[in-house]
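Since the structure comes first, as structure tokens, the remarks are kept for the end.
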Ligand code: PMV
């Protein structure tokens, strides 16, 4: 059968400077706290979707990092897309149906704590909006991306530096841009230490977050931390910004490690990089470390420091790949 339409969506992953962890409403994917992130220029998903009139056609192929060939999606991967279809249809008040064939390719390792779900699901939300022949304003497209189940996908929709207000209702819990990509010349240097898929999904992690004895105190502290972070961003105070984001990464992983069951995403190699970053700062190379739900480290620095940082880490055998990201635009239809 011939597709009646084919479109391509390009979407970035994002790295959170303030992490969302724990959901007040898992069904609606409503977070407990505000979060703040930057879209990543070199960690992206390109999703090509063909639309068919026969709505029984539902298929997907995935091309992984550094692979030449597409592979069929697993049942679990396809199921997440299929589960989102009726959610999107309802949200968009759509009456028509469509079949789809998706080819998704990633410029970075999947499910290794580099927010591959954010780039994929934000692209999917955009693609289904087109499939159901609707146009949403950016804030509501961000809500739709959140409803995919990957909350951080909401932050990949707007451009550049993105804030997600937690809020308590579904329509108002969306992300919006606090600054364009060109507004600040900072970079995210991803040190890939491990390309293996993480063993525990972030969904299970969110569910257990409140079991940490430190969860409540993190929520209380985040009130001042989010305000200070916003101020540091607005005044482009990189030292304050970096100090806050590195502390936040450590606090976030302290919650993970103390929830029940505990989540140990960091490895010894992750800790070694955090120590290296402290040493680099002492040597006058200003940079700060953060991680997502994974072992790989994101080093945040001013663009002028990239060469020094990369040449330092290039010498370390345990680093498989280095990916340099500038702040990037959000989700776009490119053809
Ligand atoms: O996007 P989700 O719902 O799978 O949750 C992931 C949340 C973190 O990536 C761990 C943190 C964040 O704010 O990006």
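Each reported figure results from applying straightforward, stated rules to the coordinates on display, with no laboratory input. All of these numbers come straight from a predicted model, not from anything done at the bench. As a convention, Cβ positions derive from the backbone with ideal geometry for all residues, glycine included, and neighbour counts pool all protein chains shown.
Laid out as a table, the results:
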quantity: Peptides ranked, highest mean first, by Cβ atoms within 10 Å: ranges 42-50, 308-316; calculated: 42-50, 308-316
quantity: Whole-number percent relative contact order across the chain, with pairs defined as alpha carbons under 8 Å at least 6 apart; calculated: 25 percent
quantity: Gyration tensor verdict on region 1-43 (Cα atoms; rounded if a/c is under 1.5, prolate if a/b is larger than b/c, oblate otherwise); calculated: oblate
quantity: Mean projected area (nm²) of the alpha-carbon convex hull when region 119-261 is viewed from all directions; calculated: 10.2 nm²
quantity: Kirkwood hydrodynamic radius over Cα pairs of region 204-249, then Stokes diffusion coefficient at 20 °C and 1.002 mPa s, in µm²/s; calculated: 183 µm²/s
quantity: Pair residue 199, residue 243: separation of 7 Å Cα→Cβ label points (nm); calculated: 3.7 nm
quantity: Global form of region 83-198, assessed from the alpha-carbon gyration tensor, a/c cut-off 1.5; calculated: oblate
quantity: Order by protection proxy (mean Cβ within 10 Å, highest first), peptides 233-245, 87-99; calculated: 233-245, 87-99
quantity: Relative packing of peptides 32-40, 125-133 - highest average C-beta neighbours within 10 Å first; calculated: 32-40, 125-133
quantity: The chain: antiparallel DSSP beta bridges as a percent of all, rounded to 5; calculated: 90 percent
quantity: Ratio Rg/Rh [Cα only; Rh per Kirkwood] for region 153-225; calculated: 1.02
quantity: Equivalent-ellipsoid semi-axes of region 1-107, from the Cα gyration tensor, Å, largest first; calculated: 27, 21, 13
quantity: Computed label-point distance, nm, for sites residue 63 and residue 275 using a 7 Å Cα→Cβ extension; calculated: 4.1 nm
quantity: Globularity index of region 179-335, i.e. its alpha-carbon radius of gyration over 2.2 N^0.38 Å; calculated: 1.10
quantity: Projected-area mean, region 252-335, by convex hull of Cα positions, square nanometres; calculated: 8.0 nm²
quantity: Convex hull per residue volume in Å³, alpha carbons only, for region 200-292; calculated: 101 Å³
quantity: Theoretical FRET efficiency, 1/(1+(r/R0)^6), r = Cβ-Cβ of residue 228 and residue 1, R0 51 Å, to 0.05; calculated: 0.35
quantity: Rule-of-thumb Rg ratio for the chain [Cα; 2.2 N^0.38 Å; N residues]; calculated: 0.96
quantity: Helix-derived mean residue ellipticity, 222 nm - over the chain, DSSP H n ≥ 4, -39500 (n - 2.57), to 500; calculated: -11000 deg cm²/dmol
quantity: Segment residue 172-residue 220, extension gain: residue separation times 0.36 nm, minus the distance between their alpha carbons; calculated: 15.1 nm
quantity: Simple label model, 7 Å out from Cα along Cβ direction - residue 303 to residue 96, nm; calculated: 4.2 nm
